[in-house]
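The values are calculated or read from the model by the stated rules, or taken from the named source; none is laboratory data. Quick caveat: nothing in here was measured; it's all calculated off a predicted structure. Reconstructed Cβ throughout: ideal geometry from the backbone, glycine too, with neighbour counts over all protein chains shown. Accessible surface is based on the protein model in full, side chains and every heavy atom, while ligands, DNA and RNA are left aside. Shrake-Rupley method; radii C 1.70, N 1.55, O 1.52, S 1.80 Å.
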Amino acid sequence: MSSAGYQPLKTDDQAYDHPQGPPAGRGSPRSRRIAISVCFVVCAAALSLLYAFPPYFGPDTLTTSSSSPGALLDHEGPLKQCAASGPPPASPPAPVNPWASLTVPETTALTDWLNVPERALNLTPGTSAHISDNYIYHIGAWRPAKADALAYLADPQDTAPPDRYARVTIHHGAAAEPTVQDYLVGPLPVSGATGIRPLTEVYHRPEIPYNARGYTTLAELQPILIDVMPKMAEATQELFGGVALGLANDTLVGGAVGPLSFDGSFRRGWINWRRNVAGPYLHPVGFFLYVDMTGTDSNEWKLLKIVYNHQVFEGVDDFMGAFRNGTLRRLPARPDNHDIDWTTRKRPDGPRRDLDHLPGPRSVSFAGLRFRVDRETQYVSWMGWGMYLGFDRDMGLSLWDIKFRGERLIYELAPQEAIAQYAGNDPMQSTTAWLDRFFGMGGSVRDMLPGYDCPHEAVFLPATTNTFAGSITRERAICIFEHDSGRPITRHMGYAEGEFGAVRGYNLVVRSIATVGNYDYLFDYIFHIDGTIEVRLSASGYLQGGFWEPSQEGYGTAIRDTTMGSLHDHVINYKVDLDVAGEKNSLLFTHTHQEEVEQPWFEDDWGSTVLQQKITRTFIESEDDALLKFPYNFQGGYSLVNRDETNRWGIPRGNVVNP
């Protein structure tokens, strides 16, 4: 019997069922010789690694040891094949994930339940609804109270999991006073016990004014744009080489800014026009419309202003009059007006870099993957770490009940919002402040590309989200892989016996990527073998480019004749609910200050005093004092500790928090 994950190799007599020997082609003697040679090289390389790194604390710890590496050749039994490519199964601490996303059957049943006439919601299917209709905008899981979840996790055999609820967002566009309202619906699955109530404890007001909403799709803006842009087609064709007539082959495309309102009393925004090519975000033409979209009747929407080359026009007639009578100050022609290939994702022409024709390095786990996954509960474990995964439409991937060596360190680790605020000398850049949670970071996740977005060995997990158009499941929404950081986590080349040693720095990475408009956000949660958790966010995709001209100096940098990279900030905030040695945690500020001391052993040769540093520890006692700033010259830091739980030396146990 072979070890788990392996199969014995067949002998020559067993290798082929064909009485005449191996069939032609891949099983020919020459092919077999090639395969044997390749296997020999790989096996020899693997053995050389075992010689170089004999096991001690683990196979990746190199220490001074008297054990003979020759013992590694003492092998009994048949030669083994490679391990299975999938991860071994995990054993979640509880059989139910309390933070799991809603399934498609759950959202379908819930939608049917909400559409029953006695609910009196008067709903229209989202795919055919207009802004003047009532429709379901979003259905998502409502996470249980922490106390209920922890009670279940503490005794999953005798304690039932928390009741399952959904948060349902409905746009009441057909109401006499249109609003956006969240509801709590449950318990689930749908039964006679299921009920619905307004979810009023989420915001600072019980309901959201309809004018304060964003837009469901860009098609929502079509009525006003189709009314305005064809009237200016003569001018846009001459000035920008394109038109917007509301057709599929339009050569100009509009992009709206956000937010559209401060308090819900109005709904207005700037429309920035770009060339309708690959990467339109980098092809602005410097033409802006300010439109009023207040209310649910698009016939009442109106154009408020037109801005071109820093000239403000009150409407179409005003702009077209200036265009035709010669008073319009035109932008100079730009050399790159018709240069569009540079924003495609195609590989540029030209000489390739030296040795670029060769494939790059690739990690291979010869003995099989070293992390475990339970797909049903989306529970992951690795080298003493364990965690449940959650996923939602608003912000995507979240991690729950994160434990290290059996102790919970974090109850919840989840992004909360992604803000991008721009600056510039034009109407769009100076008024843009994106709140990407509205657009749905989780709902914007696409299937990741194996070998590019994640290594070839990565394990992919699905995620399901729901929007007004229904539910969608991305099979490769999350990837998990072990990664060799390429640097030791600790090492020392000493002088005495026992002072030589090194430990490889392996990480486990849990990743998801959201494509929100022009940006791709890469969310990484990185777990180290020493108990460190690293949260990393990377941005890719396209810049939101502005129209470059000399007056934009100071607000960005020209990256093309007509395009600039605009000055802007990204602010991503996370919720980290730490449970360090229990739930009673305190915030500790540890900093240093200088002191001048005098000691009796100081000699006159060096002076009678010494200037040195000393540590001061201060507990943050109120939320007002928790408005933290970086210490001057980084002479300090913060940690979460449990004052009631101390180590053997009486020091409160805790975790350092590094920004």
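Looking only at the range 222-248, filter to residues that are open to solvent by 30 Å² or more (accessible area, probe 1.4 Å), part of a helix (DSSP H, G or I) and in contact with a helix residue (DSSP H, G or I) (Cβ under 6 Å, 6 or more places away or on another chain); which one of those is nearest to D339 (Cα to Cα)?
The selected residue is K231.
Looking at (1) over 30 Å from R487 (Cβ atoms); (2) part of a loop (DSSP other than H, G, I, E, B); (3) open to solvent by 40 Å² or more (accessible area, probe 1.4 Å), which is the only condition E596 fails?
(2)
Would you confirm, using the coordinates I've provided, whether D356 is surrounded by 12 or more Cβ atoms within 10 Å (Cβ to Cβ) and in a loop (DSSP other than H, G, I, E, B)?
Values: surrounded by 12 or more Cβ atoms within 10 Å (Cβ to Cβ): no; in a loop (DSSP other than H, G, I, E, B): yes.
Spelling it out, it is not the case that D356 is surrounded by 12 or more Cβ atoms within 10 Å (Cβ to Cβ) and in a loop (DSSP other than H, G, I, E, B).
Quick check on this structure: which one of P187, P161 is part of a loop (DSSP other than H, G, I, E, B) and more than 30 Å from S298 (Cβ to Cβ)?
P161
Only one of these is touching a strand residue (DSSP E or B) at 6+ places or on another chain (Cβ under 8 Å), under 25 Å from N425 (Cα atoms) and either touching a residue at least 40 places away in the same chain (Cβ under 8 Å) or of a type in the set (V, I, T) (or both): G214, G258. Name it. Write out each step before concluding.
Numbers: G214 fails: touching a strand residue (DSSP E or B) at 6+ places or on another chain (Cβ under 8 Å).
That would be G258, the only listed residue that is touching a strand residue (DSSP E or B) at 6+ places or on another chain (Cβ under 8 Å), under 25 Å from N425 (Cα atoms) and either touching a residue at least 40 places away in the same chain (Cβ under 8 Å) or of a type in the set (V, I, T) (or both).
Exactly one of these conditions fails for G192: (1) open to solvent by less than 30 Å² (accessible area, probe 1.4 Å); (2) without any contact (Cβ under 8 Å) to a residue 12 or more places away in the chain. Give me its number.
Only one criterion is unmet by G192, namely (1).
Can you name every residue in the range 362-401 that is open to solvent by 20 Å² or more (accessible area, probe 1.4 Å), assigned to a strand (DSSP E or B) and either over 13 Å from P93 (Cβ atoms) or of a type in the set (S, T, Y) (or both)?
Y379, S381, D392
Give the number of residues within the range 638-659 that are under 16 Å from T616 (Cα atoms), assigned to a strand (DSSP E or B) and either in contact with a His (Cβ under 6 Å, 6 or more places away or on another chain) or free of Cβ contacts under 8 Å to residues at least 60 places away in the same chain (or both).
Qualifying residue count for the region: 3.
Residues that are out of contact with any Asp or Glu (no Cβ under 9 Å at 6 or more places or on another chain) and in contact (Cβ under 8 Å) with a residue 40 or more places away in the chain: does the range 202-209 have at least one?
Residues of the range 202-209 out of contact with any Asp or Glu (no Cβ under 9 Å at 6 or more places or on another chain): 204-206.
Next, from what is left, pick out any that are in contact (Cβ under 8 Å) with a residue 40 or more places away in the chain: none.
Checking the range 202-209: not a single residue is out of contact with any Asp or Glu (no Cβ under 9 Å at 6 or more places or on another chain) and in contact (Cβ under 8 Å) with a residue 40 or more places away in the chain.
Could you pull out every one of the strands (runs of 3 or more DSSP E) wholly within the range 429-519 that has 3 or more residues that are surrounded by 17 or more Cβ atoms within 10 Å (Cβ to Cβ) and touching a residue at least 24 places away in the same chain (Cβ under 8 Å)?
459-467, 470-493, 500-516
Quick check on my filter: what residues within the range 185-218 are hydrophobic (A, V, I, L, M, F, W, C) and modelled with pLDDT under 90?
Those that are hydrophobic (A, V, I, L, M, F, W, C) and modelled with pLDDT under 90: V202, L218.
If we keep just the residues of the range 319-341 that are in a helix (DSSP H, G or I) and open to solvent by 70 Å² or more (accessible area, probe 1.4 Å), which is nearest to P230 (Cα to Cα)? Step through it out loud before you land on a result.
Taking the range 319-341 first, the residues in a helix (DSSP H, G or I) are 319-325, 341.
If we keep only those that are open to solvent by 70 Å² or more (accessible area, probe 1.4 Å) as well, we get 324-325, 341.
Working: R324: 16, N325: 19, D341: 27 Å.
In this case the residue turns out to be R324.
May I ask you to list pairs of residues, at least six apart or on different chains, whose Cβ atoms are under 8 Å apart, with the first in the range 121-133 being touching a residue at least 60 places away in the same chain (Cβ under 8 Å) and the second being of a type in the set (D, E, K, R) and assigned to a loop (DSSP other than H, G, I, E, B)?
Note: pairs meeting the criteria are S132/D297.
Which of the residues that make up the range 287-334 are of a type in the set (A, V, I, L, M), touching a residue at least 60 places away in the same chain (Cβ under 8 Å), touching a Phe, Trp or Tyr at 6+ places or on another chain (Cβ under 6 Å) and more than 17 Å from F240 (Cβ to Cβ)?
Residue satisfying the conditions is M293 alone.
Among the listed residues L588, L578, which satisfies the condition of being in contact (Cβ under 8 Å) with a residue 40 or more places away in the chain and either surrounded by fewer than 18 Cβ atoms within 10 Å (Cβ to Cβ) or within 27 Å of D394 (Cβ to Cβ) (or both)?
That would be L578, the only listed residue that is in contact (Cβ under 8 Å) with a residue 40 or more places away in the chain and either surrounded by fewer than 18 Cβ atoms within 10 Å (Cβ to Cβ) or within 27 Å of D394 (Cβ to Cβ) (or both).
Report yes if G286 is open to solvent by less than 30 Å² (accessible area, probe 1.4 Å) and either charged (D, E, K, R) or over 26 Å from H171 (Cβ atoms) (or both), otherwise no. Reasoning before the result, please.
Working: open to solvent by less than 30 Å² (accessible area, probe 1.4 Å): yes; either charged (D, E, K, R) or over 26 Å from H171 (Cβ atoms) (or both): yes.
For G286, the condition - open to solvent by less than 30 Å² (accessible area, probe 1.4 Å) and either charged (D, E, K, R) or over 26 Å from H171 (Cβ atoms) (or both) - is met.
What are the residues in the range 615-630 that are open to solvent by 100 Å² or more (accessible area, probe 1.4 Å) and either assigned to a strand (DSSP E or B) or within 20 Å of N585 (Cβ to Cβ) (or both), if any?
R617, E621, E623, D624, L627
Sort out which residues of the range 142-158 are of a type in the set (A, V, I, L, M) and open to solvent by 30 Å² or more (accessible area, probe 1.4 Å), and write them in order of number.
Once the filter is applied, which keeps residues that are of a type in the set (A, V, I, L, M) and open to solvent by 30 Å² or more (accessible area, probe 1.4 Å), the range 142-158 yields A145, A147, A151, A154.
Looking at this structure, is A84 crowded, with 19+ Cβ neighbours inside 10 Å and at pLDDT below 95?
No, not satisfied.
Taking the condition modelled with pLDDT of 95 or more and in contact with a strand residue (DSSP E or B) (Cβ under 6 Å, 6 or more places away or on another chain), does W113 pass?
Details: modelled with pLDDT of 95 or more: yes; in contact with a strand residue (DSSP E or B) (Cβ under 6 Å, 6 or more places away or on another chain): no.
No; evaluated as a whole, the condition is false for this residue.
Among (1) touching a residue at least 12 places away in the same chain (Cβ under 8 Å); (2) not in a loop (DSSP other than H, G, I, E, B), there is one condition A219 misses while meeting the rest; what is its number?
The number of the failed condition is (1).
Going through D530, D561, D569 one at a time, which residue ends up being under 30 Å from K346 (Cβ atoms), over 14 Å from the mean Cα position of the chain (by Cα) and open to solvent by 60 Å² or more (accessible area, probe 1.4 Å)?
D561 is the lone residue from the list that is under 30 Å from K346 (Cβ atoms), over 14 Å from the mean Cα position of the chain (by Cα) and open to solvent by 60 Å² or more (accessible area, probe 1.4 Å).
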